[in-house]
Amino acid sequence: MKAGEVKNLKPVRTKEEARKRGRAGGIASGKARRKKKTIRDTLLALRDAAVNDSDQKEFLRGQGVPETEMTYGVLVALSIINGAFKGNSQMALLLLKALGELDADKLEVTGKNGAPLSAAPSVQIYLPENGR
C-alpha cells in the first residue's frame, strides 16, 4: 500500500476489534519471520555445501580454486566478481556491499569530468517574527 493511501482500510470500532486485529497481525508477523528465518538458514547451509555440478566445478578449477574449497559460497563470490569485471554495475555494487566498502563516508560522487561534486548550496528560510 502506498503511503497515505487509506481507501481500503476499515476503521476500528471497538477495543475488542482492535485487539483481535492486533493479534491476527502479530500471528501473521511471526509466521513471516519464521519463513524468512527458514530461507536464511537454508541459504547459509547451501553456502558451505560442496559443488556437485561438473560445469560449475570446471569454472572453479579455471579460477584456481582447490577441490577442497569448491563450495557454493565460493562459486557465488566468483560469479559476482566476474560480473563486476564484465561491467555489470549491479554486481559491482553487490561486491562493494559484501566487502563493506559501500559506506556513505567512503562514497565519492563525481561529475562527468571526474572532479568531485560539491555539496548542494544551503537554503535559508526566513520566518516572520509574529510570535507563533
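Of these, 64, 26, 73, which one is at positive phi and at pLDDT 90 or above? Quick ask: steps written out before the conclusion?
On the way: 26 fails: at positive phi; 73 fails: at positive phi.
Among 64, 26, 73, only 64 is at positive phi and at pLDDT 90 or above.
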Residues of segment 76-87 being under 17 Å from residue 48 (Cα atoms) and either of a type outside the set (A, V, I, L, M, F, W, C) or modelled with pLDDT under 90 (or both), in sequence order, are 79
What number of residues within segment 80-105 satisfy the criterion of being among the small types (Gly, Ala, Ser), surrounded by fewer than 15 Cβ atoms within 10 Å (Cβ to Cβ) and under 19 Å from the mean Cα position of the chain (by Cα)?
-> 4
Inspect segment 38-51 for any residue being in a helix (DSSP H, G or I), modelled with pLDDT of 90 or more, polar (S, T, N, Q) and surrounded by 14 or more Cβ atoms within 10 Å (Cβ to Cβ) and give the result as yes or no.
-> no
Taking residue 102 and the conditions (1) touching a Gly at 6+ places or on another chain (Cβ under 9 Å); (2) modelled with pLDDT under 90; (3) not hydroxyl-bearing (Ser, Thr, Tyr), which numbered condition does it fall short on, given that it satisfies the others?
-> (1)
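The values are calculated or read from the model by the stated rules, or taken from the named source; none is laboratory data. None of the values given here were measured: they were computed from a predicted structure. With ideal geometry, Cβ positions are generated from the backbone for all residues, glycine too; neighbour counts draw on all protein chains shown.
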